[in-house]
1. Just to be sure I understand, how many residues within the stretch 198-215 are surrounded by 11 or more Cβ atoms within 10 Å (Cβ to Cβ) and either in contact (Cβ under 8 Å) with a residue 40 or more places away in the chain or among the aromatic types (Phe, Trp, Tyr) (or both)?
2. Going by the conditions given, is Met71 closer than 23 Å to Val198 by Cα, more than 21 Å from the chain's Cα centre (by Cα) and open to solvent by less than 20 Å² (accessible area, probe 1.4 Å)?
3. What residue, among those in the stretch 216-237 that are more than 28 Å from Glu156 (Cα to Cα) and in contact (Cβ under 8 Å) with a residue 40 or more places away in the chain, is least open to solvent (accessible area, probe 1.4 Å)?
4. Is it the case that some residue within the stretch 144-161 is open to solvent by less than 10 Å² (accessible area, probe 1.4 Å), among the aliphatic types (A, V, I, L, M) and under 19 Å from the mean Cα position of the chain (by Cα)?
5. Being surrounded by 14 or more Cβ atoms within 10 Å (Cβ to Cβ) and either without any contact (Cβ under 8 Å) to a residue 24 or more places away in the chain or farther than 30 Å from Lys206 by Cα (or both) is the filter here, so list the residues in the stretch 51-68 that pass it.
6. How many residues does the stretch 173-197 hold that are surrounded by fewer than 18 Cβ atoms within 10 Å (Cβ to Cβ) and under 24 Å from Tyr56 (Cα atoms)?
Amino acid sequence: MVLKTNITIKMEQKKVKIYPYLIEEKRMAGYYELLLEDKYRLKIFDKKKDRVIYDYFMPSVREYLFWSFDMNQKDTIEEYNQMDNDLKAAICSTYPCNIFEKGKNLVICFNTGICFAVTDDKKVVDKLTKYENTQEMEVINLRSEDAYELKDNKEEHLYAYALELYKLIFLNKINKELQNQNLFDKARNSFVEFTQKVFDITETDKDKFCETLRDKFKLDKKYVAVENQFDLLYKNNKLNENIVYNRFAIILFIVFIIIGIINLGNWLGSL
């Protein structure tokens, strides 16, 4: 007699740890070169091998996150691999996002200086964040030792999570920069570009994962708060500019009157 039993084994999902950190925006090319010197390689995505990722994301997101999909010709990849690291870094710095890999470790960097270390090794994190912009991280209340956990083994969800987390950190970063009058114009342009190329796009039509994260991180609420502050500061700046212009016009008008009086006096004195 054979006894049939149904045994269900509950497998614990592996947690993916994502550590955010900031690099000075103007130093991104140099940071890419440091990664390459440390044997990190640009992760080159293939339309066949990485078909799941290619199909999961909408075209505009693929273009933004995974520019290396366009390097699917053998000659192009070989030409890149033969370049010196400084030239590779310079090329990478022209794209909005770069993904590097070394063993099981991933580094995801955006041209705004917002980066993510995806690893379970704290020593790796410490080495990657050696050149982080500590001061700016403190300003936006961010610490590189804090990790976000993704309880999901799907690679496409890892990149989706990094993108939504990027939005959160960018909004916090730009919110502080808008308050700095010296950085206002640059921050304004960055905010407009972020809105058009990142925030107002549909990431995927395959599932609701990004929408769930959008709610979890309260991105819409954060975006509205930054947008309201931008509008207020922009109006105040315009008002200040008008006040300065009006003051200058009044001073100029007074100068003309004084010159006119002097000229009139000289003319009367000559009679």
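The values are calculated or read from the model by the stated rules, or taken from the named source; none is laboratory data. Fair warning: this is a prediction, and the values are worked out from it, not measured in the lab. Cβ sites come from the backbone with ideal geometry, for glycine too, and all protein chains shown count toward neighbours. Accessible surface areas use protein heavy atoms only, side chains included; no ligands, DNA or RNA. Shrake-Rupley method; radii C 1.70, N 1.55, O 1.52, S 1.80 Å.
1. The number of residues fulfilling the criteria is 11.
2. Yes, satisfied.
3. Val226
4. yes
5. Scanning the stretch 51-68 gives Tyr54, Arg62, Glu63.
6. Number satisfying all stated conditions: 4.
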